[in-house]
Amino acid sequence: MKKLLVFTVVLGLALSVVGASAHVEGFPEAGITPDSFWFFLDQWGEGMATFFAFSNDAKAQKYLERAEERLSEAHELEDRNTRMSREMGAKDVAGFIKAMELYQQHFAAAVERAQNASENVQARVAEATLKHMEVLEDVLGHVPEQAHSAIERAMVSSQQGQEAALEALSEQNSSRAEEVRQNINMMGDVPDNNPVDLP
């Protein structure tokens, strides 16, 4: 009986991971998506890795990685339905919304840890939002209406996190903060201190 249970768990994990094919450049692989029964194992493993990251720098990096993996998972859920030429079902929409909520939680934790982290980590958190916004804007146009508010909240959270990381960086090194802000504006054409225009 134990062998059958272990075999079932291993097989389920393998199939969940094999099914994921969409990848967002520069982000961790999606792995198990929130619509999977096995998603709790993914969360548990990430939680353990974060627990054993002791410095603010390491914790901020781990939370940022977790936030980016949630974006990869949301992108995978959207892409999976596009590849199958079908509308997102209720389970996929629920998984997508869960990914957006977890993105917000993990990104907020990354920003909070970055407040007392090194300049490099603060800059990394601030600059990461540019790619986050790109992914969020991309999936916004491909998901059902009921998922739009979750994406919009994630976009606002991302922009607020960017400003908080830039403020923390400015307190440590104002010239570096200005340099990062200029890089962000140049790469993303995002205006200074203006909230994201949401539909």
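Structure notes:
- Taking Lys and Arg as +1 and Asp and Glu as -1, the other residues whose beta-carbon sits under 15 Å from that of Gln115 total -3.
- The listed residues His75, His142, once ranked by accessible area (1.4 Å probe) with the largest placed first, stand as His142, His75.
- Alpha-carbon radius of gyration plus Dmax, which is the widest Cα pair, for the range 105-157 in Å: 13.0, 40
- What a 1.4 Å probe finds exposed on the range 56-195 is 45% carbon and sulfur by accessible area, rounded to a whole percent.
- Computed as a quarter of the hull surface, the mean projected area of the alpha carbon convex hull for the range 43-108 stands at 4.5 nm².
- Local electrostatic count at Glu78 - Lys and Arg +1, Asp and Glu -1, tallied over other residues with Cβ under 9 Å: -3
- Charge tally in the Cβ shell below 9 Å around Gly26, where Lys, Arg are +1 and Asp, Glu are -1, Gly26 excluded: -1
- When all alpha carbon pairs of the range 60-151 are counted in 10 Å bins from zero, the resulting P(r) reads 18, 47, 24, 10, 1 %.
The values are calculated or read from the model by the stated rules, or taken from the named source; none is laboratory data. A quick note: this is a predicted structure, and the numbers were derived from the prediction, not measured. Backbone-built Cβ (ideal geometry, glycine too); neighbour counts: all protein chains shown. Side chains included, ligands, DNA and RNA excluded: accessible areas come from the protein's heavy atoms. Shrake-Rupley method; radii C 1.70, N 1.55, O 1.52, S 1.80 Å.
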